[in-house]
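The values are calculated or read from the model by the stated rules, or taken from the named source; none is laboratory data. As the structure is a computational prediction, the values presented were derived from the model and not from experiment. Please note: Cβ atoms are built from the backbone with ideal geometry, for glycine as well, and neighbour counts cover all protein chains shown. We work out accessible area using only protein heavy atoms, side chains counted, and drop any ligands, DNA or RNA first. Shrake-Rupley method; radii C 1.70, N 1.55, O 1.52, S 1.80 Å.
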Amino acid sequence: MRYYYDLHIHSCLSPCGDNDMTPDSIAGMGELNGLDIMALTDHNTLKNCPAFFKAAYRHGIIPVAGTELTTAEDIHAVCLFATLSGAMEFENLLESKRIKIKNRPDIFGEQRITDENDNITGYDDYLLINATSFSLEEVPQAVEKYGGVCFPAHIDRQSNGLLAVLGFFPEKPCFPFAEVHDGEKAAEYAEKYGKKIITSSDAHYLWDINERGAYIELDCGRENAAQALINYCLLYTSPSPRDAHES
C-alpha cells in the first residue's frame with residue numbers, strides 16, 4: 001500500500017518554527033495536502049508529540065513521533081520512533097544530553113508547548129537548537145533502544161548536514177538511509193553514496209509542508225504503518241521506499 005509522507009516537520013516548539021505551526025495546524029495542513037504519514041521532529045525535543053498524535057488522529061493522519069537531534073559534532077539527525085511511549089522515554093534521555101543555555105525568546109522565538117487544540121500549555125526555557133552531548137556514533141544505538149531509527153538530515157544542505165560537516169559518510173555508525181530536502185537530488189545522492197534516500201520538507205512554516213509527492217510502499221494497513229516504517233528502516237522487512245511525483 002502506498003503512503004504519502006512528510007517525515008521532517010517542526011512545530012512552534014522549535015525556535016525556528018513559526019508560531020502558526022501548532023500540532024493541530026500541522027495535521028490539518030497534512031490532511032489538506034493529501035498526506036498519509038507525518039512525523040513531528042522538533043529540535044532536540046519531543047514535548048509536542050503527544051498533542052500532535054491527538055490532532056493527527058482527528059485529521060486522519062498517521063502520526064510518527066520524532067526529533068531532529070543535533071549531535072556533539074553539530075550534525076542534524078532525524079530520529080523516528082515506532083510508538084509514542086517509546087519516543088517519550090527517549091525524551092527523558094535526550095533531556096539529560098542537552099546543554100542547557102537559557103533561551104532568548106526575543107531572538108530565537110518562544111519555544112511553545114501546546115495541546116491538541118492549539119492552547120499554549122508551557123514553554124521550553126532552554127535553547128533547543130544548540131548541540132547536545134550525543135556523539136554521532138552514539139545516536140543510532142540509543143534511538144534503537146527505544147524502538148526508533150535515525151538517519152542524517154538534509155545531506156544536500158550546507159547547514160548542519162553530515163556531508164557538509166564531515167565531507168563523507170563515516171564507516172561507523174553505518175547509515176543505510178539519508179534524507180535530502182530537494183527531491184530532485186534524490187536519485188543523484190542515492191547513486192553517488194549508495195544510500196536509500198528519503199525526501200522530506202524540514203518545514204518551519206505551514207506552506208512548506210510537503211504536498212502529495214514522496215511516498216513509501218508498506219505491506220500493511222494504516223494501523224500498523226508507523227511500526228512498519230520503522231521496521232523497514234531497521235530490518236528491511238518491507239518493500240523499498242521510493243520518491244515519486246504526481247503526474
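Could you check how much of the accessible area of the range 152-212 is carbon and sulfur, as a whole percent, using a 1.4 Å probe?
Using a 1.4 Å probe with all protein chains present, the range 152-212 comes out at 46 percent carbon and sulfur.
What is the distance, in nm, between label points placed 7 Å from the Cα along the Cα-to-Cβ direction at Leu32 and at Arg2?
2.4
Tally up the carbon and sulfur contribution to the accessible surface of the range 50-109 as a whole percent, 1.4 Å probe, everything protein left in place.
58
Shape call for the range 88-195 from the C-alpha gyration tensor, a ≥ b ≥ c root eigenvalues: rounded (a/c under 1.5), prolate (a/b greater than b/c) or oblate?
prolate
In the range 137-166, which residues have a backbone nitrogen under 11 Å from the label point lying 7 Å from Lys192's Cα in the Cα-to-Cβ direction?
Label zone hits: 155-157, 163-164.
With respect to the cross-link table entries Lys54/Lys100; Lys100/Lys172; Lys100/Lys185; Lys97/Lys195, which display a Cα-Cα separation exceeding 31 Å?
Over 31 Å apart, Cα to Cα: Lys100/Lys185.
Got the relative contact order for the chain handy, in percent, Cα pairs under 8 Å and 6 or more residues apart?
Relative contact order, the chain: 24 percent.
Report the local net charge at Tyr205: Lys and Arg +1, Asp and Glu -1, summed over other residues whose C-beta lies under 10 Å from its C-beta.
Residues near Tyr205 contribute -3 overall.
Apply the a/c threshold of 1.5 to the C-alpha gyration tensor of the range 26-154 and tell me whether it is rounded, prolate or oblate.
Oblate, since a/c reaches 1.5 and b/c is not below a/b.
Where does the longest stretch of the chain lie that holds no chymotrypsin sites (Phe, Trp or Tyr not before Pro) found in a DSSP loop with 11 or fewer other Cβ atoms within 10 Å?
1-167
Please compute the per residue accessible area over the chain with all protein chains in place, 1.4 Å probe, rounded to a whole number of Å².
For the chain, the per-residue accessible area is 43 Å².
Compute the Cα gyration tensor for the chain, then decide on rounded, prolate or oblate, letting a ≥ b ≥ c be the square roots of its eigenvalues: rounded whenever a/c is under 1.5, prolate when a/b is larger than b/c in the other cases, and oblate in all that remain.
In terms of gyration-tensor shape, rounded.
Taking the Cα-to-Cβ direction at Phe169 and at Glu110 and moving 7 Å from each Cα, how far apart do the two end points lie in nm?
4.2
Quick one: compute the contact order of the range 109-189, relative version, from alpha carbon pairs under 8 angstrom and 6+ residues apart, as a percent.
20
Relative to the Cα centre, what is the charge dipole magnitude of the range 107-211, using +1 at the beta carbon of each Lys and Arg, -1 at the beta carbon of each Asp and Glu, and rounding to the nearest 20 debye?
It works out to roughly 500 debye.
No other cysteine beta carbon under 4.7 Å away is the test; run it over the chain and list who passes.
Among the cysteines of the chain, those whose Cβ sits 4.7 Å or more from every other are Cys12, Cys16, Cys49, Cys174, Cys220, Cys233.
If the only charges are +1 at each Lys and Arg Cβ and -1 at each Asp and Glu Cβ, what is the size of the charge dipole of the chain around the Cα centre, to the nearest 20 debye?
480
Choose one of Ile197, Gly161, Phe175: the residue whose Cα lies farthest towards the positive end of the charge dipole of the chain (beta-carbon charges +1 Lys, Arg; -1 Asp, Glu; about the Cα centre).
Of the options given, the answer is Phe175.
Pull up all non-local amide H partners of Ile62: gap of 5 or more, or a different chain, and H-to-H distance under 5 Å with H placed in the peptide plane.
Ile37, Met38
Run the dipole for the range 40-109 about the Cα centre, Lys and Arg Cβ at +1, Asp and Glu Cβ at -1, nothing else charged, and hand back the magnitude in debye, nearest 20.
The calculated dipole for the range 40-109 is roughly 280 debye.
Between Asn92 and Leu234, what FRET efficiency follows from the Cβ-Cβ distance if R0 is 30 Å, with the result rounded to 0.05?
In this case the efficiency is close to 0.90.
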